[in-house]
Number of protein chains: 2
Amino acid sequence: MDRTLDLTQDAARLTAQLVDFASPSGSEKELADAVEEALRALPHLTVERYGNNVVARTNLGRAERIILAGHIDTVPIADNVPSRLDEDGVTLWGCGTSDMKSGVAVQLRIAQTLTEPNRDLTFVFYDNEEVAAHLNGLGHVADAHPDWLEGDFAILLEGTEGLVEGGCQGTLRVILKVSGERAHSARAWMGRNAIHAASPILERLAAYEPRKPVVDGLEFHEGLNAVAIEGGLAKNVIPDACAVTVNFRYAPDRSMEEAERFVRDFFAGCPIDEFIVDDHTGGARPGLTHPAAAAFLAAVGGEARPKFGWTDVSRFSALGVPAVNYGPGNPIYAHKIDERVDTRLILEAEKVLASWLTAP
Amino acid sequence: MDRTLDLTQDAARLTAQLVDFASPSGSEKELADAVEEALRALPHLTVERYGNNVVARTNLGRAERIILAGHIDTVPIADNVPSRLDEDGVTLWGCGTSDMKSGVAVQLRIAQTLTEPNRDLTFVFYDNEEVAAHLNGLGHVADAHPDWLEGDFAILLEGTEGLVEGGCQGTLRVILKVSGERAHSARAWMGRNAIHAASPILERLAAYEPRKPVVDGLEFHEGLNAVAIEGGLAKNVIPDACAVTVNFRYAPDRSMEEAERFVRDFFAGCPIDEFIVDDHTGGARPGLTHPAAAAFLAAVGGEARPKFGWTDVSRFSALGVPAVNYGPGNPIYAHKIDERVDTRLILEAEKVLASWLTAP
């Protein structure tokens with residue numbers, strides 16, 4: 001295959017070429033090189049590089065600056081590269097087709113074709129989104145070069161099937177440790193069973209009713225779930241310890257402090273000996289009331305819907321840049337072996353963005 | 001430490017040496033070797049070995065044969081080996097001090113010192129008592145060499161603090177499997193949480209009230225406990241499986257069938273997808289009305305009390321050999337990190353047995 005990206009082909013064909021650059025997390029260098037090289041060939045852009053992250057910008061002095069961002073890594077290849085166009089002529093199969101090289105192709109096409117957009121544009125291509133948060137390239141750029149990410153509004157081209165998804169929920173994981181007193185199970189009354197003592201925790205979880213608040217016009221859907229439980233020492237011993245790991249996914253109208261307080265209050269009165277915050281990342285409000293976001297939503301012509309999962313939208317949010325998800329991929333195929341994309345959505349996304357960014 | 005057992009030291013010191021041979025279930029070989037070697041040095045005994053089980057016998061043609069049996073394994077070490085004699089001079093600390101190397105020390109001392117007992121003696125040392133019933137060395141010997149276990153009366157030297165304990169409770173272990181439906185925890189409502197579904201199982205266990213029936217004049221004490229719980233796939237996945245392992249210790253007035261029926265009925269209505277009988281051994285009625293048992297009880301001069309734990313008394317019972325528990329260990333310390341024994345009880349048990357077995 002040709003290792004030089006051809007940005008003159010349409011976004012669907014370009015997606016296929018991007019998929020053929022296998023780039024699972026940690027192996028993005030070759031693709032980052034190709035993206036950098038292709039962008040440096042465009043005289044209307046200035047190009048920066050940090051690790052395997054590439055940032056390109058127009059500098060037209062427009063009143064507003066829009067960021068188009070996408071990650072260039074994929075989950076591990078599973079015999080699904082190179083890409084393959086289905087005989088139906090519209091379905092493209094392969095690793096990263098939906099998550100999210102179709103979005104990256106749209107970014108690159110906008111970079112190639114809009115030499116004089118009506119707003120200044122910043123294109124961000126970053127690595128390691130599919131792995132642990134501390135490896136995430138967008139986070140690294142935000143730390144090292146926050147000025148590269150300045151803007152009025154950001155669009156993350158993660159797959160949404162062409163809908164606008166606003167905000168994202170926060171996620172808090174806590175470990176609840178319950179203790180008891182060990183004894184031989186033949187004389188259980190000499191001890192205190194920590195698994196039995198955990199019963200009220202499960203009772204409350206089983207009775208939990210999710211809150212579905214409307215935030216900036218979008219209805220979110222919270223969730224409070226045990227994702228692990230562990231207890232027991234030996235088959236004839238009354239266990240003196242039981243640990244329940246609970247994940248709270250919460251709507252972005254709660255702050256991180258409020259979310260933690262909610263969980264503590266929810267389990268108040270349960271015999272918890274240790275309450276350990278294992279992981280916590282805040283949510284992001286949809287921000288659709290921001291003029292730039294509203295203008296984009298009007299241009300797309302659709303309704304926005306809430307994003308339940310955590311995405312890098314919340315990184316922009318933390319930088320003070322309102323952000324939404326909007327991309328051609330279909331999230332239900334993300335991370336699946338039979339990943340695919342409807343190429344008509346890719347062409348449509350390019351058309352929508354180009355039209356909004358060139359309208360007089 | 002010296003890897004050769006010194007049977008000429010008193011039973012308390014011998015207990016300390018036995019504890020210093022760490023022998024958690026599955027790792028008894030070194031100790032079995034030492035026991036075999038020490039017994040083979042005694043010309044009045046014939047010695048047999050099967051796996052890590054050692055059986056030694058006198059062959060004096062006496063009218064009665066008494067079996068003295070004990071297991072040589074312990075629960076896992078928990079930083080409580082080697083043994084340590086307290087500064088009070090009588091308390092010996094360490095894994096297996098009460099359960100039941102003090103009993104094994106008494107067996108070995110009787111084997112060493114009684115070259116011409118008034119009854120023929122069979123000494124049985126076996127492995128894997130603290131783990132699943134199918135691994136139990138006494139069971140293996142009973143299957144492969146039932147003639148080695150022939151006798152008129154058996155004393156199992158499990159810890160009873162020097163009292164005679166009759167009968168034993170049965171033990172049934174079941175695994176209750178609860179299923180759900182997997183989903184990403186960001187969209188928990190797409191799945192069904194198996195850990196939450198296990199809540200009624202724990203609720204019932206927490207509310208359980210034990211039965212205490214009187215059987216052949218002795219009051220037993222039942223127990224129903226979760227000894228393990230396990231559930232969870234990944235930190236962001238709603239778990240589709242949860243398993244609760246439950247141990248039922250029941251009085252010997254219930255048959256095995258009745259015990260299993262009780263547990264099934266107890267959890268009736270809980271969302272259990274699989275009810276797996278993982279291990280089951282019946283109890284044994286006290287049997288103190290047998291003449292050999294009565295004679296021993298008279299010699300000890302005490303009252304009998306019920307045995308709560310399952311012991312291998314029930315294996316002898318099944319072979320047609322009446323059996324009781326009588327040993328120096330204190331059962332309340334069994335399986336505890338702070339396991340200990342009162343060494344005065346060890347010396348007393350040796351004295352009582354030697355006196356009964358040498359009386360004219």
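Quick note: the coordinates plus some simple rules give every number you see, no bench work behind them. The structure presented is a predicted model; accordingly, all values stated were derived computationally and were not measured. Here Cβ is always computed from backbone atoms with ideal geometry, including for glycine, and neighbour counts include all displayed protein chains.
Scan the range A:270-280 and give yes if some residue there is buried (at least 21 other Cβ atoms within 10 Å of the Cβ), among the hydrophobic types (A, V, I, L, M, F, W, C) and within 14 Å of chain B (Cβ to nearest Cβ), otherwise no. No. Scanning the range A:333-353 for residues that are in contact (Cβ under 8 Å) with a residue 40 or more places away in the chain, out of contact with any helix residue (DSSP H, G or I) (no Cβ under 6 Å at 6 or more places or on another chain) and over 15 Å from A:Val90 (Cβ atoms) yields A:His335, A:Ile337, A:Asp338.
The set of residues in the range B:281-294 that are more than 14 Å from every other protein chain (Cβ to nearest Cβ) and either surrounded by 23 or more Cβ atoms within 10 Å (Cβ to Cβ) or free of Cβ contacts under 8 Å to residues at least 60 places away in the same chain (or both) comprises B:Pro286, B:Pro291, B:Ala294.
The residues of the range A:156-201 that are acidic (Asp, Glu) and under 28 Å from A:Arg249 (Cβ atoms), listed by number, are A:Glu158, A:Glu161, A:Glu165.
The set of residues in the range B:207-218 that are touching a Pro at 6+ places or on another chain (Cβ under 8 Å) and either surrounded by 17 or more Cβ atoms within 10 Å (Cβ to Cβ) or within 12 Å of another protein chain (Cβ to nearest Cβ) (or both) comprises B:Val215, B:Leu218.
In this structure, does B:Glu258 turn out to be within 30 Å of A:Ala234 (Cα to Cα), of a type in the set (Asp, Glu), loosely packed, with under 15 Cβ neighbours inside 10 Å and touching a residue at least 24 places away in the same chain (Cβ under 8 Å)? It is false that B:Glu258 is within 30 Å of A:Ala234 (Cα to Cα), of a type in the set (Asp, Glu), loosely packed, with under 15 Cβ neighbours inside 10 Å and touching a residue at least 24 places away in the same chain (Cβ under 8 Å).
Restricting attention to the range B:327-357, the residues being outside any helix (DSSP H, G or I) and within 14 Å of chain A (Cβ to nearest Cβ) number 8. Residues in the range B:293-352 that are acidic (Asp, Glu) and within 27 Å of B:Glu150 (Cβ to Cβ): B:Asp312, B:Glu350. Taking the range B:158-233 as the region of interest, the strands (runs of 3 or more DSSP E) fully inside it that hold 2 or more residues being over 23 Å from the mean Cα position of the chain (by Cα) are B:170-179, B:223-231. Evaluating A:Lys351 against the criteria (1) within 17 Å of the chain's Cα centre (by Cα); (2) among the basic types (Lys, Arg); (3) surrounded by fewer than 17 Cβ atoms within 10 Å (Cβ to Cβ) leaves one unmet condition, (1). Within the range B:1-40, being within 24 Å of B:Leu345 (Cα to Cα) and assigned to a loop (DSSP other than H, G, I, E, B) holds for B:Leu5, B:Asp6, B:Leu7, B:Thr8, B:Gln9, B:Asp10, B:Phe21, B:Ala22, B:Ser23.
Test of understanding: among A:Asn247, A:Asn330, which residue is crowded, with 23+ Cβ neighbours inside 10 Å and touching a residue at least 12 places away in the same chain (Cβ under 8 Å)?
Of A:Asn247, A:Asn330, the one residue that is crowded, with 23+ Cβ neighbours inside 10 Å and touching a residue at least 12 places away in the same chain (Cβ under 8 Å) is A:Asn247.
With the requirement that a residue be more than 14 Å from A:Ile195 (Cβ to Cβ) and among the β-branched types (Val, Ile, Thr), what does the range B:183-239 give you? Passing the criteria: B:Val214, B:Val215, B:Val237, B:Ile238. Can you find a residue that is in a helix (DSSP H, G or I), within 13 Å of another protein chain (Cβ to nearest Cβ) and either touching a residue at least 24 places away in the same chain (Cβ under 8 Å) or within 17 Å of B:Thr122 (Cβ to Cβ) (or both) anywhere in the range B:319-326? No - not one qualifying residue is present in the range B:319-326. Considering only residues in the range B:224-263 that are facing chain A (nearest Cβ under 8 Å) and basic (Lys, Arg), the one that is farthest from A:Glu181 (Cα to Cα) turns out to be B:Lys235. Residues that are touching a Cys at 6+ places or on another chain (Cβ under 7 Å) and crowded, with 22+ Cβ neighbours inside 10 Å within the range A:49-79 comprise just one, A:Thr74.
Does B:Gly151 fit the bill of being assigned to a loop (DSSP other than H, G, I, E, B), in contact with a Gly (Cβ under 7 Å, 6 or more places away or on another chain) and of a type in the set (Gly, Ala, Ser)? The answer is no for B:Gly151.
Of the residues making up the range B:80-117, those that are surrounded by fewer than 23 Cβ atoms within 10 Å (Cβ to Cβ), of a type outside the set (A, V, I, L, M, F, W, C) and over 27 Å from B:Arg65 (Cα atoms) are B:Asn80, B:Pro82, B:Ser83, B:Arg84, B:Asp86, B:Glu87, B:Asp88, B:Gly89, B:Thr91. In this structure, B:Gly167 qualifies as within 14 Å of another protein chain (Cβ to nearest Cβ) and closer than 24 Å to B:Ala304 by Cα.
Hey, could you check the range A:219-234 for residues that are surrounded by fewer than 21 Cβ atoms within 10 Å (Cβ to Cβ) and touching a residue at least 24 places away in the same chain (Cβ under 8 Å) and say which is farthest from B:Ala206 (Cα to Cα)? Among those that are surrounded by fewer than 21 Cβ atoms within 10 Å (Cβ to Cβ) and touching a residue at least 24 places away in the same chain (Cβ under 8 Å), it is A:Glu219. The residues of the range A:118-131 that are crowded, with 20+ Cβ neighbours inside 10 Å and farther than 19 Å from A:Gly327 by Cα amount to a single one, A:Arg119. Condition check: closer than 25 Å to B:Gly320 by Cα and surrounded by fewer than 22 Cβ atoms within 10 Å (Cβ to Cβ). Does B:Asp147 satisfy that? Spelling it out, B:Asp147 is indeed closer than 25 Å to B:Gly320 by Cα and surrounded by fewer than 22 Cβ atoms within 10 Å (Cβ to Cβ). How many residues, within the range B:81-128, are within 21 Å of the chain's Cα centre (by Cα), basic (Lys, Arg) and farther than 16 Å from B:Leu5 by Cα? The qualifying residues number 0.
Being crowded, with 19+ Cβ neighbours inside 10 Å and part of a strand (DSSP E or B) is a condition met by no residue of the range A:41-48. Here B:His134 clears all of (1) assigned to a helix (DSSP H, G or I); (2) crowded, with 19+ Cβ neighbours inside 10 Å; (3) within 14 Å of chain A (Cβ to nearest Cβ) except the condition numbered (2).
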